[in-house]
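Presented below is the structure to which this report refers.
The values are calculated or read from the model by the stated rules, or taken from the named source; none is laboratory data. Note that the coordinates shown come from a computational prediction; the quantities given were computed from them, not determined experimentally. Here the Cβ positions follow ideal geometry from the backbone for every residue, glycine too, while neighbour counts run over all protein chains shown.
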Amino acid sequence: MMIDRLFEKVGGSEAIQDLVDRFYNRVLADPRLAPFFPSTDMNALRAKQVMFITMLLGTAHSYPGIDLRAAHAGARSNGMTDEHFDAVLAHFAAALQDLHVEEDYTRELLARLESMRDAVLGR
């Protein structure tokens, strides 16, 4: 399965923005995850996430943001665990489902995100 086609499968840039918005709406409504974002500029974070997802989908070759380990250092110091990472993946899967992304593409994208677990959790 070529995940690189997901960008087109969900409708391109506008759909990626919609995906990120749906994802963060779910994350911020989750009492397990919302405490990690008390003073976060969500507009800036959403913009970074759009760039990150675009890179993850293979439509960009690099991400100009800081690396995952550094980006999540504050969350780790505030107690982020595998349980939180699992919740994030579940919310991302639900956002993809909202957009009617095919199950094969969803599974592959979630596998790519799963591969980042150790970096996000500082292991």
List the residue pairs whose Cβ atoms are under 8 Å apart, where the first residue sits in the range 32-50 and is free of Cβ contacts under 8 Å to residues at least 24 places away in the same chain, the second is assigned to a helix (DSSP H, G or I) and hydrophobic (A, V, I, L, M, F, W, C), and the two are 6 or more positions apart or on different chains. A34/V27; A34/L28; F37/V27; F37/L28; F37/L45; M42/L28
Checklist (1) within 21 Å of S115 (Cβ to Cβ); (2) of a type outside the set (D, E); (3) at pLDDT below 90 applied to G74, failing item: (1)
If you check A87 against the conditions, is it closer than 15 Å to R32 by Cβ, modelled with pLDDT of 80 or more and touching an Asp or Glu at 6+ places or on another chain (Cβ under 9 Å)? yes
Whichever residue in the range 42-61 is outside any helix (DSSP H, G or I) and surrounded by 15 or more Cβ atoms within 10 Å (Cβ to Cβ) and, among such residues, is modelled with the lowest pLDDT: T59
First in the range 98-123 and polar (S, T, N, Q), second anywhere and at pLDDT 90 or above and surrounded by 14 or more Cβ atoms within 10 Å (Cβ to Cβ), Cβ under 7 Å, 6 or more apart: T106/A93; T106/L96
I'm trying to understand the selection: among the residues of the range 4-27, which are modelled with pLDDT of 95 or more and surrounded by fewer than 15 Cβ atoms within 10 Å (Cβ to Cβ)? N25
